[in-house]
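J.: Have a look at this one before I ask anything.
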Amino acid sequence: MLNIRINALKTKLLPSEKDFIEKKLKSLEKYCSYFKRDLDLEVNIEKSLNSQSGDIYSAEARLFVPGNDIHCQVKASSIKELANLLKDDLKRLIIEHHKTKESLFRRTARKLKEKLIWHHLKP
């Protein structure tokens, strides 16, 4: 299960916007099932005013997983675009983290297997 905590800094989020972000991020639960425990996802959303391009929303997300935490930052011009970018970026990072751990396990297992085989072949 994914526990999502959304914090708004320097801005007020409407309940509908908060629900939309939570709905988008809840879709990441299927990728987090690999960790076999409840995970916490903390999202900080900040709105900055730019005289040239208008409102810019930036989000910083941190997924607390065993070992190294997964961290990402995105910027967008709207809340919906921000939620989509955040979901896609976190999805990519979770899959990348999973593949890294899996390849490390396979590498270690292969080295152990080679040592066992050579140990039995030596007279």
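J.: Count charges around Lys113 for me, please; just the other residues with Cβ under 12 Å from its Cβ, Lys/Arg as +1, Asp/Glu as -1.
T.: After counting each charged neighbour, the total is +4.
J.: When the Karplus curve 6.51 cos²θ - 1.76 cosθ + 1.60 is applied with θ = phi - 60°, which whole-Hz ³J(HN,Hα) does each residue of the range 88-96 get, with x for Gly and Pro?
T.: Calculated HN-Hα couplings, in order: 5, 5, 5, 4, 4, 5, 5, 5, 4 Hz.
J.: Summing -39500 (n - 2.57) over the DSSP H runs of n ≥ 4 in the chain and dividing by its residue number, what mean residue ellipticity at 222 nm do you reach, to the nearest 500 deg cm²/dmol?
T.: That calculation yields -16500 deg cm²/dmol at 222 nm.
J.: If you take every residue apart from Ser103 with its C-beta less than 15 Å away from the C-beta of Ser103, what net charge results, scoring Lys and Arg +1 and Asp and Glu -1?
T.: Net of charged neighbours comes to +4.
J.: Then there is this: Apply the Karplus parameterisation 6.51 cos²θ - 1.76 cosθ + 1.60, with θ equal to phi minus 60°, to every residue of the range 103-108 and state each ³J(HN,Hα) to the nearest whole Hz, in sequence, with x for glycine and proline.
T.: 5, 5, 5, 5, 4, 5
J.: Going Cα to Cα from Lys111, which aspartates and glutamates come in below 15 Å? Please leave out same-chain ones fewer than 8 positions away.
T.: Lys111 reaches Glu102.
J.: Can you give the extra length, in nm with one decimal, that the chain gains between Arg5 and Lys91 once fully stretched, where that is 0.36 nm per residue apart less the Cα-Cα distance?
T.: 29.2 nm
J.: Now, a different point. Under a 5 Å amide H to amide H cut-off, with H placed in plane at 1.01 Å, what residues pair with Asp40 once short-range neighbours are removed?
T.: It is Asn3, Phe64, by chain and number.
J.: Please work out the Cα convex hull volume for the chain and give it in Å³ per residue.
T.: Per residue, the Cα convex hull of the chain comes to 110 Å³.
J.: Still on this model: Of all DSSP beta bridges in the chain, what percent run antiparallel (nearest 5)?
T.: Approximately 70 percent, going by the DSSP bridge assignments.
J.: Also, I was wondering about something else. Collect residues whose amide H, placed 1.01 Å from N in the peptide plane, falls under 5 Å from the amide H of Ala8; neighbours closer than 5 in sequence don't count.
T.: Amide H neighbours of Ala8, under 5 Å, 5+ apart: Ile45.
Read-outs: derived from the displayed coordinates by stated rules, not from any lab. Note that this is a predicted model, so its numbers are computed, not measured. Neighbour counts are summed over all protein chains in view; Cβ atoms, including those assigned to glycine, are modelled from backbone coordinates with ideal geometry.
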